Amino acid sequence: MKRLGVLTSGGDAPGMNAAIRAVVRKSIYHGIEPYGIYQGYSGLINGNIKKLEIGSVGDIIQRGGTVLRSARCEEFKTREGQLKGVEQLKKHQIDGLVVIGGDGSYQGARALTGHGFPCVGVPATIDNDISGTQFTIGFDTALNTVLDAIDKIRDTASSHERTFIIEVMGRGAGDIALWSGLAGGAETIIVPEEKLDMNDISDRLKKGQLRGKKHTIIIVAEGVMSGTEFADKLKEAVDIETRVSVLGHIQRGGTPTGFDRVLASRLGARAVEILMEGKGGRAVGIMKDQIVDNDISQILDQPHSFQNEMFDLSKELSI
Ligand code: F6P
């Protein structure tokens, strides 16, 4: 391996920069020339590729977003688009590619590997919805951003004795809602992985009120429904006044936590090693604090595992 490419794709996640830095520095340490591909797969198709130096990734470990920028690219879902990408990689004499991103990015990496070009996936998405890893880069930072918002909303909820519905991101996964709800002491958490039981939610709300509970926090994962849709449903079930807060893209920004920076550094470096070992079509991850790698196709075919016991625990603790 003489030249290696790195790109970030899909929704950005805090810690992507730390992963880029790890890929670049690990490559240079081992005498490999790193190339940055800008704007994800769309930049790959258009040949937006530049050589990176040690200094190119200086002063970025603490920054959110991605210095390589990101994109969602429809053209890369087609065979023609993918072959254009392979052509660009060959033109720049790049021998292997590290793809930092989520599910859609992995699909691109799998396709490229299928066309004979070795790729390794590094899981980075705030959603924490990739299998083969307990944590994706960016999840911990997003969790803490959401928690900060919940704590602030709790202040005003308590002052006004109100019920707040907070809509969080996660696409089809409920991890952001579950973890932030448990850590933020939410009374109710609504996630796609668990059946929505309006009777149970209403009963718990009523019981809380009887007990003298003055305010309530409900976390709704966007994969179930929007916060306002849920507010309407709740109004039908129990006639209480609510306020809805949609946290939106604020969840994707900000300084990565220490956990995300360390995770990104370990995963990015391991991805380079795998390419150096002459392997492609792999995805790295962390399991029980060990860095692991799996077949990227298998990872894409396996559903992300949801921690149901944590959901049950949140119910027990929010009586
Ligand atoms: O995958 C990350 C994510 O932030 C999801 O949680 C969310 O559903 C989606 O991206 C939003 O995407 P976009 O920024 O393209 O609207």
Worksheet, complete the sentence: Log entry, pairs with first residue in the stretch 245-258 being under 25 Å from Phe230 (Cβ atoms), second being within 11 Å of the ligand (Cβ to nearest atom) and in a helix (DSSP H, G or I), beta carbons closer than 9 Å, six or more apart or on different chains, reads Gln251/Ala142; Gln251/Ile176; Arg252/Ala142
Practice prompt. Taking the options Asp260, Asp289, name whichever one is in contact with a Gly (Cβ under 6 Å, 6 or more places away or on another chain) and among the charged types (D, E, K, R).
Written response: Asp260
Worksheet item: If you take the residues in the stretch 1-39 that are within 16 Å of the ligand (Cβ to nearest atom) and assigned to a loop (DSSP other than H, G, I, E, B), which one is farthest from Gln251 (Cα to Cα)?
Response: Gln39
Worksheet, complete the sentence: Counting only residues that are surrounded by fewer than 24 Cβ atoms within 10 Å (Cβ to Cβ), charged (D, E, K, R) and within 16 Å of the ligand (Cβ to nearest atom), the stretch 141-183 contains a total of 1
Item to complete: For Lys288, indicate whether it is surrounded by fewer than 14 Cβ atoms within 10 Å (Cβ to Cβ), basic (Lys, Arg) and modelled with pLDDT of 95 or more.
Response: yes
Worksheet item: Of all residues in the stretch 100-140 being of a type in the set (Ser, Thr, Tyr) and within 18 Å of Ala13 (Cα to Cα), which is nearest to the ligand (Cβ to nearest atom)?
Response: Thr125
Practice prompt. Keeping to the stretch 233-250, report how many residues are more than 16 Å from the ligand (Cβ to nearest atom) and loosely packed, with under 12 Cβ neighbours inside 10 Å.
Written response: 3
Practice prompt. Inspect the stretch 4-19 for any residue being small (Gly, Ala, Ser) and free of Cβ contacts under 8 Å to residues at least 60 places away in the same chain and give the result as yes or no.
Written response: no
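The values are calculated or read from the model by the stated rules, or taken from the named source; none is laboratory data. These numbers were taken from a predicted model, which means no experiment stands behind them. Heads up, the Cβs are rebuilt from the backbone with ideal geometry, glycines too, and the neighbour counts pull from every protein chain shown.
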